[in-house]
Amino acid sequence: VQLQASGGGLVQAGGSLRLSCVASGRIFRSYEMRWHRQAPGKQRELVASITSGGITNYVDSVKGRFTISRDNAKNTVSLQMNSLKVEDTAVYYCNAGYLGSGSAYWGQGTQVTVSS
């Protein structure tokens, strides 16, 4: 599986961005899809995940602001980010793995910068 993320950029605090990730391979729907992020000087953290059946989970800091979704027919997973905060600034990575296992496949990362 190869993952290609896009949609990052520079936005003011309070603004919105939508990240998208396209996966190659015909078994996309078998994987739990995830978005991690890594800010400068910080550890990578799991931001959101969605199972093949559509069950979602979010880190507390983004609940109510971010929405993860997937389209199995198009092999895409998206992350809608609203009410962005400066602390959301990070490189965001799309990744995939089986439920309960670590991520086996990672995209190249896309930079999100939120200015005050």
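Any residue that is of a type in the set (K, R) and assigned to a strand (DSSP E or B) - is there at least one of those in the range 35-58? Show your work before the answer.
Looking only at the range 35-58, we keep the residues that are of a type in the set (K, R), and these are 37, 42, 44.
Checking which are assigned to a strand (DSSP E or B) leaves us with 37.
Yes, the conditions are met somewhere in the range 35-58.
In this structure, does G14 turn out to be surrounded by fewer than 14 Cβ atoms within 10 Å (Cβ to Cβ) and not hydroxyl-bearing (S, T, Y)?
Yes.
Which residue is nearest to I27 (Cα to Cα), if the candidates are limited to the range 79-116 and must be part of a strand (DSSP E or B), of a type in the set (G, A, S) and out of contact with any Phe, Trp or Tyr (no Cβ under 9 Å at 6 or more places or on another chain)?
Of all residues in the range 79-116, those part of a strand (DSSP E or B) come to 79-81, 90-97, 105-106, 110-115.
Next, from what is left, pick out any that are of a type in the set (G, A, S): 90, 96-97, 115.
Narrowing the set further to residues that are out of contact with any Phe, Trp or Tyr (no Cβ under 9 Å at 6 or more places or on another chain) leaves 90, 115.
Numbers: A90: 29, S115: 38 Å.
Applying the filter and picking the extreme gives A90.
So which pairs qualify, if the first residue must be in the range 22-47 and surrounded by 16 or more Cβ atoms within 10 Å (Cβ to Cβ), the second must be among the β-branched types (V, I, T) and part of a loop (DSSP other than H, G, I, E, B), the Cβ gap must be under 6 Å, and the two must be at least 6 apart or on different chains?
A23/V1; E32/T51; V47/V59
Take V59 and tell me if it is β-branched (V, I, T) and either free of Cβ contacts under 8 Å to residues at least 12 places away in the same chain or open to solvent by less than 30 Å² (accessible area, probe 1.4 Å) (or both).
Considered against the rule, which asks whether it is β-branched (V, I, T) and either free of Cβ contacts under 8 Å to residues at least 12 places away in the same chain or open to solvent by less than 30 Å² (accessible area, probe 1.4 Å) (or both), V59 comes out as no.
So, of the residues in the range 66-116 that are among the basic types (K, R) and modelled with pLDDT of 95 or more, which turns out to be least open to solvent (accessible area, probe 1.4 Å)?
The extreme case among them is R70.
The values are calculated or read from the model by the stated rules, or taken from the named source; none is laboratory data. Everything numeric here is computed off the predicted structure, so don't read it as measured data. Cβ atoms come from the backbone with ideal geometry, glycine included; neighbour counts cover every protein chain shown. Note: areas computed on protein heavy atoms with side chains; ligands, DNA, RNA excluded. Shrake-Rupley method; radii C 1.70, N 1.55, O 1.52, S 1.80 Å.
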